[in-house]
Amino acid sequence: MKNPYGLSFGIFGGHSLEDTIQMVQRAESAGLSACWIFEDYFYGGAFSTATACAMSTKTIQIAIGVINPFTRHPALSAMEAASLDALSHGRLILGMGGSNKGWIQDKAGIPFERPIQAAIEAADIIRQLVNTRHVHYNGEIFKTGEIALEFETYRSNMPVYLGVKGAKALFRAGQTADGVVLSSCTSLPYIKFAREHIAAGAQSAGRNPDELKIAAYFPTAVNDNEKEARDLVRPYLAKFIGIHGYHPILFEAGLSEEIIRPFKEALAKGASASVIPLVTDDIVDRLAIAGNAAYCRDKLAAINAAGVSMPIAFELPGQMPLELVDTLENKILN
């Protein structure tokens, strides 16, 4: 088995379409399981990008991770997803998340209200409409009339993952989602935390927790020189810690308020680079996959054993994405 880890690849939306297609084709030839296309605002649209990628490949899963419930009505997202799933012959994984106030309300001018509830309801509408071709939804956020798709969908089990982080949201995902995509910088203890809440939600709804798939993003650098690998991820981690602050994703990884505080303060001053030296090797080991090939293979095996069936490596500032794919194939998968 060329890819025993379910290792996949994440692509930011800032690349040209031509470069993105080249990356996905290279990821497919490398034996990676899926290509996850980010929809960060205001970059290229994920559905059109994913469509181009699907038309340029044959076997790799095409995942969108994640869209939000505010900038497209979920019925429109369902129409797009059903069309893309048919075009890709059932290779689509659709991720839905709550996004953030800065993008949705401050920049797009759309009210940012109850994002987790909105994401859960949107995912429900999409799943029902794609998989049954009918929906009549009466939720707390979204209410629809009788909707029926006027075309045949490709399959009746297209997966919709929820991109969520906190305990309550993970519990809700366990109740309804086909899978969960965890945030960048997922640590082994946080995987355990997430799985416990997902399982509790699933069990409360009479579902088997083992049937829910878990994907997770990891900043990744593989280099025979372990210091160079760790140094590559430190700037990203310094900013990530500042942005997320006092959040379970960092607390579960073992970072205390005392450790997190200077990163938050530096970010507020626009000086995240100043705290890069505070990103210790221990922090790197907890929040990233960074080291030589043997270390990275061991880390991926541990991630799988913890419950993540699809770890997603993604590019870092200063890292060429095609070089990362080459490295993953030559040093991890071969």
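So the values come out like this:
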quantity	calculated
Antiparallel DSSP beta bridges within the chain, as percent of all bridges there, nearest 5	10 percent
Share of Cα-Cα pairs in the chain lying beyond 31 Å, as whole percent	30 percent
Helix 257-268 axis, angle to the chain major axis (alpha carbon atoms, nearest 10°)	80 degrees
Relative packing of 115-126, 234-245, 11-22, which averages over residues the other C-beta atoms within 10 Å, highest first	115-126, 234-245, 11-22
Karplus (6.51, -1.76, 1.60) ³J(HN,Hα), θ = phi - 60°, over segment 42-54, in Hz, Gly and Pro reported as x	10, 10, x, x, 5, 5, 5, 5, 5, 4, 4, 5, 5
Likely footprinting exposure, Tyr246, Tyr217, Tyr41, fewest C-beta neighbours within 10 Å first	Tyr246, Tyr41, Tyr217
Cα-based helix-to-principal-axis angle, 17-30 vs the chain, degrees rounded to 10	80 degrees
Given charges at beta-carbon only (K, R positive; D, E negative), |dipole| of segment 213-306 in Debye	320 debye
Peptides 85-91, 253-259, 29-35 ordered by average Cβ neighbours within 10 Å, highest first	29-35, 85-91, 253-259
Using θ = phi - 60° and Karplus 6.51 cos²θ - 1.76 cosθ + 1.60, couplings along segment 193-198 (whole Hz; Gly, Pro as x)	4, 5, 4, 5, 6, 4
Percent RCO, i.e. relative contact order, over the chain, from Cα pairs under 8 Å lying at least 6 residues apart	17 percent
Computed over segment 165-226, Kirkwood Rh from alpha-carbon pairs, angstrom	12.2 Å
For Ile312, Ile191, Ile283, order by how many other beta-carbon atoms lie within 10 Å, fewest first	Ile191, Ile283, Ile312
Ratio Rg/Rh, restricted to segment 210-293 and using Cα atoms, in which Rh is the Kirkwood radius	1.01
Projected-area mean, segment 21-120, by convex hull of Cα positions, square nanometres	6.2 nm²
Computed over segment 130-266: relative contact order in percent, which uses C-alpha pairs under 8 Å that are six or more apart	19 percent
DSSP-defined beta bridges in segment 202-334 - what % are antiparallel, rounded to 5	0 percent
Segment 114-188 - convex hull of the alpha-carbon atoms, volume per residue in Å³	103 Å³
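Values in this text are rule-based calculations from the coordinates and carry no lab data. Note that this is a predicted model, so its numbers are computed, not measured. Glycine gets a Cβ as well: all are built from the backbone with ideal geometry, and neighbour counts include every protein chain shown.
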